[in-house]
Amino acid sequence: MSLSSEAVQTSPFEGQKPGTSGLRKAVKVFQQTNYTENFVQCTLNGGLADKLSGSTLVIGGDGRYFGKEATHIIIRICAANGVSKLIVGQNGLMSTPAVSCVIRKYKTDGGIILTASHNPGPAPEGVTSAMFEETKKIKEYKICKGLNVDLSKIGTQNFTVDGKSFTVEIIDSVDDYAQYMQEIFDFEAIKKLFKGSDGKPPLNILLNAMHGVMGPYVAKMCDILGAPAGSAVNCTPLPDFGGHHPDPNLTYAADLVQEMKKGQHGFGAAFDGDGDRNMILGTNAFFITPSDSLAVLANNLDCIPYFRKTGTKGFARSMPTSGAVDRVAKKKGLECFEVPTGWKFFGNLMDAGRLSLCGEESFGTGSDHIREKDGLWAVLAWLSVLASTQLSVQEVMTKHWEEYGRNFYTRYDYENVDSDPANKMMANLNILVADPSLIGKTYSHQDKSYTVGKSDNFSYTDPIDKSVSSNQGIRIIFEDGSRIIFRLSGTGSSGATIRMYIEGYESDPSTFAKDPQDVLKPLIQIALQISQLRELTGREQPTVIT
């Protein structure tokens, strides 16, 4: 079929930086005249520049509302801009980790993923800045309006656009990723875990896809591994995620928590909408914090064939993530990097061969097998640990604490706070941590006292590209290693989210089984006192506690 493109006149818009937080805007914004078209054209211009013509790209999304419509728009704009080939997930669906997997497997020039989360791989500041600059000066976008692709039909569809060949290959969204997981992990060992062996009963699992894109992936993996029927639930991707918030934490994944409390399953996990994050639970809803999950995997990577082959190069964590993994790195004599929140910082370290495993406080864990965090990979990694140790989730965690001590940790999210008081609080904290007299000051609550050893607004110099990222979060670090951290996000018209992180280390085994909220209560109260969060925002309680 021979088609022609056209240039449509448009005007600049004040957008977010494409590739960072731009896709967090409400769907109604994308439905504004030319908004989506402008966004896509600016992404292509800034992201590929003179490499655009003749390029090959991957497209996928998490299935949320307007995703399929946006996929058609992207295909038509790519065709008009001289892109040679697109690899598209069937029905426009593909998890973020799978997009990264496909990009790397087929060595494409990049990818576009439709989600409110992150990029399907590293998006350096120079690239996202170039995209943003395009939004300020765009005058037209190119589109082939007559191009219609059947997203449901697996196979290759060929077109001629402006005299040039244009190919759209619709692929099974799961196959490439599933094949890769079978290369990374010992699936036979996990199968034995589910069947029971050596006197051990079968492990019953419960994986909740939360009506996000992970449904087909979870179902496929359970089928390959021979998991019992009913092991995967909420596996149909829905445009509104079934009316729920697909965030894998104790609040939004409450239905999984309630099922796990019944004691009928030894392992449970929930996934977010695009599949790059997860939450791990043991029997009776025994909760594994993201920080502890990262540390346990770091301590047991040698049970995974992939790492026995590649070796372990180093670890990294986002700044707000607890220092539990640091203790593992020190014992193993490996590098451990503390980076700002944002997966691109891990990508630079991976590309330089200095990082094997990394994680962040918001339930994201991943390795250098791709360039994104990977929720299902983390589940398979945990199942590998259980198969190797023949221990339960709780036993694995308890054994880890006995070896390293416990970094008690909690995160308080105050969502939709009025922006003005939230900004005022952060401004006050910036003044406080910049004052040298804070060092050495002691804060007390009940029978606990903490003396400030260091305070700052975290700054990071990338050891690979030497770029500097400043103002990444307020840190108050006490002499015993305990930490209080504040970060602010989403300061638009809908309000801000204040994130408060509290961490305290204990080496006394008698404390390990205690509730973090009880152990950390003195630090929590000190943090609220220092920040005046309640007084400034009027919020007595957080929206979410993890």
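The values are calculated or read from the model by the stated rules, or taken from the named source; none is laboratory data. Because the structure is predicted, anything quoted here is derived from the model rather than measured. As a convention, Cβ positions derive from the backbone with ideal geometry for all residues, glycine included, and neighbour counts pool all protein chains shown.
Computed values, structure above
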{"quantity": "Test for residue 179: is it without any contact (Cβ under 8 Å) to a residue 40 or more places away in the chain, in a strand (DSSP E or B) and within 20 Å of residue 90 (Cα to Cα)", "calculated": "no"}
{"quantity": "Residue, surrounded by the fewest Cβ atoms within 10 Å (Cβ to Cβ), within region 11-68, restricted to residues that are at pLDDT below 50 and of a type in the set (Ser, Thr, Tyr)", "calculated": "21"}
{"quantity": "Enumeration of residues in region 483-509 that are buried (at least 21 other Cβ atoms within 10 Å of the Cβ) and at positive phi", "calculated": "none"}
{"quantity": "Subset of region 242-251 (residues that are at pLDDT below 90 and within 18 Å of the chain's Cα centre (by Cα))", "calculated": "245, 246, 247, 249, 250, 251"}
{"quantity": "Failed condition for residue 541, given (1) crowded, with 19+ Cβ neighbours inside 10 Å; (2) polar (S, T, N, Q); (3) part of a loop (DSSP other than H, G, I, E, B)", "calculated": "(1)"}
{"quantity": "Residue in region 288-298 that is over 23 Å from residue 502 (Cα atoms), buried (at least 21 other Cβ atoms within 10 Å of the Cβ) and not assigned by TED's automatic domain parsing to the domain that holds residue 110 present", "calculated": "no"}
{"quantity": "Enumeration of residues in region 235-290 that are of a type in the set (Ser, Thr, Tyr) and out of contact with any Gly (no Cβ under 8 Å at 6 or more places or on another chain)", "calculated": "251, 252, 289"}
{"quantity": "Tabulated pairs, region 296-316, first under 15 Å from residue 330 (Cα atoms), second basic (Lys, Arg) and not in a strand (DSSP E or B), C-beta under 7 angstrom, 6+ apart or interchain", "calculated": "313/354; 314/354"}
{"quantity": "Boolean, residue 186 is among the charged types (D, E, K, R), farther than 25 Å from residue 87 by Cβ and over 19 Å from the mean Cα position of the chain (by Cα)", "calculated": "yes"}
{"quantity": "Failed item, numbered, when residue 279 is tested on (1) more than 20 Å from residue 173 (Cα to Cα); (2) at pLDDT 90 or above; (3) part of a loop (DSSP other than H, G, I, E, B)", "calculated": "(3)"}
{"quantity": "Residues satisfying the stated conditions in region 67-85, i.e. more than 17 Å from residue 165 (Cβ to Cβ) and small (Gly, Ala, Ser)", "calculated": "67, 70"}
{"quantity": "Of residues in region 472-482 being touching a residue at least 40 places away in the same chain (Cβ under 8 Å) and in contact with a helix residue (DSSP H, G or I) (Cβ under 9 Å, 6 or more places away or on another chain), the one surrounded by the most Cβ atoms within 10 Å (Cβ to Cβ)", "calculated": "476"}
{"quantity": "Flag for residue 416 being touching a residue at least 60 places away in the same chain (Cβ under 8 Å), within 24 Å of the chain's Cα centre (by Cα), closer than 26 Å to residue 510 by Cβ and part of a strand (DSSP E or B)", "calculated": "no"}
{"quantity": "Any hit, region 151-171, residues being acidic (Asp, Glu) and free of Cβ contacts under 8 Å to residues at least 12 places away in the same chain", "calculated": "no"}
{"quantity": "Qualifying strands (runs of 3 or more DSSP E) (wholly inside region 310-360; at least 2 residues being of a type outside the set (A, V, I, L, M) and buried (at least 24 other Cβ atoms within 10 Å of the Cβ))", "calculated": "314-318, 357-360"}
{"quantity": "Residues satisfying the stated conditions in region 443-495, i.e. over 20 Å from residue 341 (Cβ atoms) and among the aliphatic types (A, V, I, L, M)", "calculated": "452"}
